[in-house]
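Notes for the one structure printed next.
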Amino acid sequence: MTQNCEGVVVYKFIPREETVRIPPDRLGEDLNVVAVELAQRFFEGRLDDEDNLTILSKDVQIIGPGRIVHGDGAVYQKVTFTALAFKPELNEIVEGKVVEILRFGAFVRFGPFDGLLHISQVMDDRIDIDEQNQRLVGKDTRRFLRVGDRVKARIVTVSMNELNYRESKIGLTMRQVGLGKSEWLEEDRKLKEQGTDAPRREAKRPPAPTPAKAPAAAPPPSE
């Protein structure tokens, strides 16, 4: 996945050569038109061997004559095309939108994928769950995250599902410098310009030691 320095996702173009199966009942049609349709059907929305997700296939071209398999009746035709692709990379920084708040965290959509921002990776603070308003709220900083917020996060785990890319498991974190909700980053920038520290979790102070009691005075000696 390529992106600019701000973490905005940029798709990439990949030249590909594949084979499409043209069924017997479509051999009388314009094969160039059929090849385009089949390339879109078979390759778009699927992962290749390097886990690149093809979003769009363009400039589909037929290569030479097709191959007929005995007993099949279909023509297996080689084609080339340019794939508009997307691949989540470990440690990449991405910008996305919060699409769901749950008790264990938030789902963030970036490009065609949803990544999980676990509750422990939202901010450097203890988190309260505001179920009524669908928010995750910092106990000390009072910063909150809700559906629709734009965030910048880093990809920390990637497990791609070859059968259904939407079922891929992608883990995110915002507990690093320069990451977080857009409003938080803007607040931090302004505070830095003013020479003020960004809101932080308040450290608990240890209880003050209890002063030792003075020993009781001895009774006076009896005469």
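The values are calculated or read from the model by the stated rules, or taken from the named source; none is laboratory data. Bear in mind the structure is a predicted one, so any value in this text is a computation, not a measurement. Cβ atoms come from the backbone with ideal geometry, glycine included; neighbour counts cover every protein chain shown.
On the basis of being closer than 30 Å to VAL177 by Cβ, in contact with a Lys or Arg (Cβ under 9 Å, 6 or more places away or on another chain), surrounded by 14 or more Cβ atoms within 10 Å (Cβ to Cβ) and not hydrophobic (A, V, I, L, M, F, W, C), does GLY96 make the cut? Answer is yes for this residue.
Residue count for segment 1-21 under the criterion of being of a type outside the set (Lys, Arg) and modelled with pLDDT of 90 or more: the result is 7. Looking across segment 147-179, just one residue is without any contact (Cβ under 8 Å) to a residue 60 or more places away in the chain, surrounded by 19 or more Cβ atoms within 10 Å (Cβ to Cβ) and in a strand (DSSP E or B), and that is VAL151.
Looking across segment 125-146 at every residue that is of a type in the set (Asp, Glu) and surrounded by fewer than 16 Cβ atoms within 10 Å (Cβ to Cβ), the one that is farthest from LEU179 (Cα to Cα) is identified as GLU131.
When the criteria are applied in full, LEU47 meets the requirement of being surrounded by 18 or more Cβ atoms within 10 Å (Cβ to Cβ), farther than 14 Å from GLU17 by Cα and in contact with a Lys or Arg (Cβ under 9 Å, 6 or more places away or on another chain).
The residues of segment 59-110 that are modelled with pLDDT under 95, among the basic types (Lys, Arg) and farther than 14 Å from LEU145 by Cβ, listed by number, are ARG67, LYS87. Of the residues contained in segment 203-211, one or more are found to be of a type in the set (Val, Ile, Thr), assigned to a loop (DSSP other than H, G, I, E, B) and modelled with pLDDT under 90.
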